[in-house]
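Working notes for the structure below.
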There are 2 protein chains.
Amino acid sequence: MNSGNSTRIFFNEVATRDGFQMEGRFVPTADKIALVDELGALGYARIEVTSFTSPAAIPALRDAEQVMGAIRRVPGVVYTALVPNLRGAQRALACAADEFNIVMSTSQTHNLANLRMTREQSFAQLSDVVGLARERAVPVNVSLSTAFGCPMEGDVHPDEVLDWIRRFAELGIAGVTLCDTTGMAHPVQVQQLCTRVLQQFPALGVTAHFHNTRGMGLVNVVSAAEAGIRSFDTSLGGIGGCPYAPGATGNVATEDVAHMLQCMGYVTGLDLTRLIAAAARLESLVGHQLPSQVSRSGPRLTRHQPPAGFEEIKARAQARGQSPLAGGKI
Amino acid sequence: MNSGNSTRIFFNEVATRDGFQMEGRFVPTADKIALVDELGALGYARIEVTSFTSPAAIPALRDAEQVMGAIRRVPGVVYTALVPNLRGAQRALACAADEFNIVMSTSQTHNLANLRMTREQSFAQLSDVVGLARERAVPVNVSLSTAFGCPMEGDVHPDEVLDWIRRFAELGIAGVTLCDTTGMAHPVQVQQLCTRVLQQFPALGVTAHFHNTRGMGLVNVVSAAEAGIRSFDTSLGGIGGCPYAPGATGNVATEDVAHMLQCMGYVTGLDLTRLIAAAARLESLVGHQLPSQVSRSGPRLTRHQPPAGFEEIKARAQARGQSPLAGGKI
């Protein structure tokens, strides 16, 4: 795998939306605001702050207005929010969201299960959202769920994904996120779909969104980056959902992706040390161990102390010269 | 990332040695034997059955003779064992191990901490083991720990790794395993070191051994495979140790690596369905949740049932025609 050669990669943090909506515990509004404020200074391109969904449907994010209205906006960071329909769009506009993220599934069964609508019904509803956003000059990104497979239908044909992108592109959206909603993507598939999307839609911003359900989250990020993707959804601590794959971990973790890409010579703009500190605070907010790895292990060159008695072991060994001694542990 | 194009990859299972030696619970001898017998039929190239270390040093593997003597040998599978010294070599010979795996660290501090010897003392001791093995026509593989970095010293220079390989190659060993003992390797480093080793030692069998400590285990496997490595150490369920990186997960999991490589078009020879069943039994043997992912989530095309009430949701949505309805969850 070749060096990233200082290629810039942009991060879209989804912990406060995609992450918190899956948590059993309600994260207090003040903590949400403090977290967004903390993350705003760490080098993200975008932060998906919250969701303007019905508070009855997603009580975890029932404080969307309060959060969006109170966060401190760092210049250069895009503060986006999920917007499901016209009502949500009006709420998001009232809070001056910088961008709308709209969502539907490329698989009919997943869309029905998740949104209780056919894909055509979703498209009609989201078309209205895009229309309003364009009137108000707010850019729109569409997140296409199950773009790499549906947990109920199986493989989703890439032509179908490309066709949905085309229909949204014709509405005048700014970007598309290819979502591997339940961790079905594999690196060869990622390379193929990302290459086609980038070739056919050169004017769209393209983001990739992977889950680590089958351990392939980070390798899919590298595959997408090699294919030319420059923007990724990641979640601090790796929190976030996967409702149809029980027991599995969530989104790829911001700190794990940033650490890997930095090791490889990509430029992330993210402050890894402060990300790890933020993940530690997030862990206490959600009240359970995070699935991320680097927040526990530290960056690769983290130094550990030799075991107790090491100096004595060393002195004894050196005193023996070349002659070995059995008894060590292997 | 390109297709594996039917390239054959060979697996060396290390759960019963590297895995069990780190477990708190002693796995009963009969269960060890049953597990090796079960795994023998699943398509591995090699199984590292046990370790002929001092039973006092590693009580978890104090039954090495009993296990090695009772397993059912499947033709074509190499049953190897860790051999630390001449005494261990004699024990392994008495049990007819097909191959010896000898171990030392490329970092002086890690070697002292782990083996209580300087690297030169280890090399002298292991040279005697290789000498005896050659007399008895038993092939030897050397596992070089910390080849991608030492948790106490930091980076290990690749020239140093290559120099240790050269010294062992001059003794007449058959193969070398590049061990990322505490999960410090990253994909670009893996590509560079593996390429150099394969170029300079075309006659050696080269295996790579990765840990998932920082989430990069699977991406390092792909990077190594792209560089030409065809053999990997993996551990069923991802069990196995990382004593100097607390809280971190262990070896890359056999089922996760096999699943990924199969998705990508490599040929693994492994029976994934039976691997997942074996991992479920392993989980009950060790008494804790395994770090592997695919054993929990199933392969990527595992079908899940739609949620309760789905048919009604679908019928209602279809009855509405094109008109959307709010209220779904996102």
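Electrostatic bookkeeping for A:ASP155 treats Lys and Arg as +1 and Asp and Glu as -1; over the other residues with beta carbon under 12 Å from its beta carbon, the sum is -1. Given R0 = 22 Å, the distance between the Cβ atoms of A:ASP37 and A:ARG8 translates into a calculated FRET efficiency of 0.35. Loop-located trypsin sites (Lys or Arg not before Pro) in the range B:77-149 (DSSP state not H, G, I, E or B) with no more than 13 neighbouring Cβ atoms inside 10 Å: B:ARG136. For chain A, the convex hull spanned by the alpha carbon atoms encloses 164 Å³ per residue. Mean-square fluctuations from a GNM of chain B, with a 10 angstrom spring cutoff on Cα atoms, peak among B:ALA97, B:ALA133, B:ALA34 at B:ALA34. The rotation axis taking chain B to chain A passes closest to this chain B residue's Cβ, listed with the gap in Å: B:VAL219, 2. Between B:ALA41, B:ASN12, B:ILE276, the Cα set farthest toward the positive side of the dipole of chain B (charges on each charged residue's Cβ, about the Cα centre) is that of B:ILE276. Model label points for A:PHE310 and B:ASP155, set 7 angstrom from Cα along the Cα-to-Cβ axis, are 2.0 nm apart. Treating the point 7 Å from Cα along Cα-beta-carbon as the label, what are the nm separations from B:GLN192 to the other copies, to one decimal? Spelled out, the distances from B:GLN192's label point are 3.3 nm.
Across identical copies of the chain, B:GLY309 has label-point separations of 6.3 nm, listed in ascending order, with the point defined 7 angstrom from Cα along Cα→Cβ.
Of the residues B:MET104, B:PHE232, B:PHE201, the one whose Cα sits farthest toward the positive end of the charge dipole of chain B, with +1 on the Cβ of Lys and Arg and -1 on the Cβ of Asp and Glu, is B:PHE232. Taken one residue at a time, the phi angles of the range B:131-143 give Karplus couplings (6.51, -1.76, 1.60, θ = phi - 60°) of x, 5, 4, 5, 4, 9, 6, 9, x, 10, 10, 9, 9 Hz. Gly and Pro are set to x. Placing +1 on the Cβ of every Lys and Arg and -1 on the Cβ of every Asp and Glu, with no other charges, gives the protein assembly as shown a dipole of roughly 300 debye about its Cα centre. What whole number of Å gives the distance from the Cα centroid of the range A:83-109 to the Cα centroid of the range A:273-317? Cα centres, the range A:273-317 to the range A:83-109: 39 Å. Here the Karplus curve 6.51 cos²θ - 1.76 cosθ + 1.60, taken at θ = phi - 60°, turns the phi angles of the range A:153-161 into couplings of 9, x, 4, 10, 5, x, 4, 5, 4 Hz, with x standing for Gly and Pro. Close amide H partners of A:SER143, meaning residues 5 or more places away or on another chain with modelled amide H under 5 Å apart, are A:ILE102, A:VAL103, A:MET104, A:THR177. Stokes-Einstein diffusion of the protein assembly as shown at 37 °C, 0.692 mPa s viscosity, Kirkwood radius from Cα pairs, rounded to a whole number: 126 µm²/s.
Measuring spread by the Cα atoms of the range A:198-291 yields a radius of gyration and Dmax of 14.1, 44 Å. Between identical copies, the spacing of B:GLU135 label points, each set 7 Å from Cα toward the C-beta atom, reads 9.2 nm from nearest to farthest. When you filter the trypsin sites (Lys or Arg not before Pro) in the range B:169-262 for DSSP loop state and at most 12 other Cβ atoms inside 10 Å of their Cβ, nothing is left. For the range A:10-304, a crude dipole built from +1 on the beta carbon of Lys and Arg and -1 on the beta carbon of Asp and Glu, taken about the Cα centre, is about 380 debye to the nearest 20.
As a proxy for reagent exposure, ranking B:LYS314, A:LYS32 by other Cβ atoms within 10 Å from fewest up yields B:LYS314, A:LYS32. For the range A:1-114, rounded, prolate or oblate, judged on the Cα gyration tensor with a ≥ b ≥ c (square roots of eigenvalues), a/c < 1.5 rounded, else prolate if a/b > b/c? Oblate, since a/c reaches 1.5 and b/c is not below a/b. Here the simple spin-label model places points 7 Å from the Cα toward Cβ, and for B:GLU120 and B:ARG320 these points are separated by 7.9 nm. Once C-alpha pairs closer than 8 Å and six or more residues apart are averaged by separation and normalised to the residue number of chain A, the relative contact order reads 19 percent. Please work out whether the range B:10-71 counts as rounded, prolate or oblate from its C-alpha gyration tensor, where a ≥ b ≥ c are the square roots of the eigenvalues and a/c under 1.5 means rounded, while otherwise a/b larger than b/c means prolate and anything else oblate? Prolate, since a/c reaches 1.5 and a/b exceeds b/c.
Laboratory data are not the source of any read-out in this text; all were calculated from the coordinates shown. Keep in mind that what you see is a predicted model, and the values were worked out from it rather than measured. Cβ atoms come from the backbone with ideal geometry, glycine included; neighbour counts cover every protein chain shown.
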